[in-house]
Amino acid sequence: MITFIKRHYDFCLGCAGYPEGHIQAQSLEADIGFLKQKQDNGAEYVVTQYCYDNDVFFRYVEKCRSAGVSIPIIPGIMPVYTLKLTQMLSKICGTTITDEMQRGLDQLDATDKDAVIDFGVDFAVEQCRGLLKKGVAGLHFYTMDRSRSTKAILTHLREENLI
């Protein structure tokens, strides 16, 4: 599809990347091979599936660079919106909930929506802080049509002059 679009239209095209490997991929290395092919066919940047561990993201970037992927790789950020949604999506997407995150989630009352959102904002701010301080090319937020959390995250990052 990237090849077709590049051949017929003057678009800047991005593509998807998966720091923990696509759920249907044979291996992370094979998945990165497909990412390299997307780049070779004209993709100009990568937006990754969200992950909750910055070390996983940075190891992924290193592996991509070693495989010849040179385009910007932008991390996906998924704040916690509800406990149920977080658990469900992590299973569907193959995203690991870190021990640190799980300990925080375990302390929350799922019916206290504000506390859950506040936890999600705080966790995402910390994650974004670490990513930005290491020079990522940008951030992509999975908002799930819920702008409150993303707005709060961006406010915190602006207050710290990180964006």
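No value in this document is a laboratory result; all are computed from the given coordinates. Treat the numbers as computed from the prediction; the structure is a model and nothing was measured. A quick note on method: Cβ atoms are made from the backbone with ideal geometry, for glycine too, and the neighbour counts reach across all protein chains shown.
From the residues in segment 15-71 that are of a type in the set (Asp, Glu) and assigned to a helix (DSSP H, G or I), which one is nearest to HIS140 (Cα to Cα)?
Selected residue: ASP55.
Taking segment 75-115, which residues are assigned to a loop (DSSP other than H, G, I, E, B) and either in contact (Cβ under 8 Å) with a residue 12 or more places away in the chain or crowded, with 17+ Cβ neighbours inside 10 Å (or both)? Write out each step before concluding.
If we filter segment 75-115 for residues that are assigned to a loop (DSSP other than H, G, I, E, B), which is where we start, we get 78-82, 94-98, 107-112.
Passing the criteria: MET78, PRO79, VAL80, TYR81, THR82, GLY94, THR95, THR96, ILE97, THR98, LEU108, ALA110.
Out of VAL56, VAL69, which single residue is of a type in the set (A, V, I, L, M) and crowded, with 18+ Cβ neighbours inside 10 Å? Please lay out each step first, then the result.
Details: VAL56 fails: crowded, with 18+ Cβ neighbours inside 10 Å.
Step by step, each of VAL56, VAL69 is checked, and only VAL69 is of a type in the set (A, V, I, L, M) and crowded, with 18+ Cβ neighbours inside 10 Å.
Working only within segment 123-161, note down all residues that are among the aliphatic types (A, V, I, L, M), crowded, with 17+ Cβ neighbours inside 10 Å and within 14 Å of GLY76 (Cβ to Cβ).
ALA124, LEU131, VAL136, LEU139, ILE153
Tally the residues that are assigned to a helix (DSSP H, G or I) and more than 20 Å from GLN87 (Cα to Cα), restricting the search to segment 127-146.
6
Given the residues ARG148, ARG129, which is the only one that is in contact with an Asp or Glu (Cβ under 8 Å, 6 or more places away or on another chain) and among the charged types (D, E, K, R)?
From the options ARG148, ARG129, the qualifying one is ARG129.
Looking at segment 147-163 only, could you name the residues that are in contact (Cβ under 8 Å) with a residue 24 or more places away in the chain and in a helix (DSSP H, G or I)? Write out each step before concluding.
Initially, segment 147-163 is screened for residues in contact (Cβ under 8 Å) with a residue 24 or more places away in the chain, giving 148-150, 152-153, 156-157, 160, 162-163.
Scanning segment 147-163 gives ARG148, SER149, THR150, ALA152, ILE153, HIS156, LEU157.
Picking from GLY120, GLY42, which residue would you name as being in contact (Cβ under 8 Å) with a residue 40 or more places away in the chain, in contact with a Lys or Arg (Cβ under 9 Å, 6 or more places away or on another chain) and surrounded by 13 or more Cβ atoms within 10 Å (Cβ to Cβ)?
Numbers: GLY120 fails: in contact with a Lys or Arg (Cβ under 9 Å, 6 or more places away or on another chain).
One residue alone meets the criteria, GLY42.
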